[in-house]
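Taking it in order: structure first as structure tokens, then the write-up.
The values are calculated or read from the model by the stated rules, or taken from the named source; none is laboratory data. Everything numeric here is computed off the predicted structure, so don't read it as measured data. A quick note on method: Cβ atoms are made from the backbone with ideal geometry, for glycine too, and the neighbour counts reach across all protein chains shown.
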Amino acid sequence: MKRALATLLASAALVTSAAIAAPTAHAAAKVNYLALGDSYPYGQGLSPAQAYPAVLQSRYSSSVSLTNNAASGATTTAVLGQIIPDKATVITLTAGADDLNWTGVLQSCLGSATCTPPSGTALSTMSVNLAKDITVAQQKNPRAKILVTGYPELFDASAAAYDEFVLRRPCTIGTYSGQAVTVSGSQATQVNAMVDAVDLAIASGVALARYNGATASYVNVSPAFTNHRLCDTYPWVFDLDTPAAAFHPNAAGQMAYATTLNNAGFGTAVTSR
């Protein structure tokens, strides 16, 4: 009788222990977050902890495990090599500008009265390549939710135009070769229009990937930078005085990316797991 009672108590203890352990195992489950792309998610000019993927991860702490494979200068073709199979439950991607010689395009726009925008062929090729990135990422990570961002408009065109025609401090975006660089309203408007064209091509790439079966969404980050672009009082974009990171998001800009992505579905992807 004593042995039977002891056996019964031992069995009850095992059941109780298992019941207690189950919620603990569930709480420890992580969302695997894979960040892909170029110098924007890489965090050009900042520490790795200030790049938007790390900011997103920090908001959910132990619930999210981050692998940031983004690299400065990465084209949409290079992104294919960043994809890890069977790893991710949520993926973010920012890429496309480096396909278009973006730095050269900006220099041509700011160094002359007119811009030479990327050709329609270049934009179309970038869009198709991006769709391939998304499709491959989904095929290799079937359970992943994929969020693809565009780029923010860089200038407050109205502020630049106001400075151009009114006796007020001009819109200066730092120095180059010892000379202050100012931006006119027309230059600012042209650059913003080019960013919009790039973003439209990215959105088209996402639409093509969705047609191919990917669970992907386009995320427009530009509105988050309203009143915080170059020519504004407190820009969230580096100017020419930080030459290695010019026209990239600063720490506040990276926070804006993180918040926009979180609101666009990253948070839901984490909390629904």
Notebook entry, point to check: Quick check: anything in the stretch 53-62 buried (at least 19 other Cβ atoms within 10 Å of the Cβ), in contact with a strand residue (DSSP E or B) (Cβ under 9 Å, 6 or more places away or on another chain) and modelled with pLDDT under 95?
Noted result: no
Check: For residue 115, all conditions in the list (1) assigned to a loop (DSSP other than H, G, I, E, B); (2) modelled with pLDDT of 85 or more; (3) of a type in the set (A, V, I, L, M, F, W, C) hold save one; what is the number of the exception?
Finding: (2)
Next item on the list: Evaluate the stretch 187-195: report whether one residue or more is under 18 Å from the mean Cα position of the chain (by Cα) and within 23 Å of residue 253 (Cα to Cα).
Entry: yes
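Considering each of 173, 91 in turn, give the residue that is buried (at least 21 other Cβ atoms within 10 Å of the Cβ), part of a strand (DSSP E or B) and over 23 Å from the mean Cα position of the chain (by Cα). Spell out the reasoning first.
Values: 91 fails: over 23 Å from the mean Cα position of the chain (by Cα).
Answer to the selection: 173.
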Margin query: For the stretch 209-260: of the residues being without any contact (Cβ under 8 Å) to a residue 60 or more places away in the chain and among the hydroxyl-bearing types (Ser, Thr, Tyr), which is nearest to residue 126 (Cα to Cα)?
Written below: 211
Check: Can you find a residue in the stretch 196-213 that is within 30 Å of residue 139 (Cβ to Cβ) and outside any helix (DSSP H, G or I)?
Finding: yes
Next item on the list: Quickly run through the stretch 214-226 and pick out the residues that are under 12 Å from the mean Cα position of the chain (by Cα) and either outside any helix (DSSP H, G or I) or among the charged types (D, E, K, R) (or both).
Entry: 218, 219, 220, 221
Note to self: Return the pair list, or none, for Cβ contacts closer than 9 Å from residues in the stretch 99-115 that are in contact (Cβ under 8 Å) with a residue 40 or more places away in the chain to residues that are among the hydroxyl-bearing types (Ser, Thr, Tyr) and assigned to a helix (DSSP H, G or I), at least 6 apart or on different chains.
What the structure shows: 113/186; 114/108; 114/186; 115/108
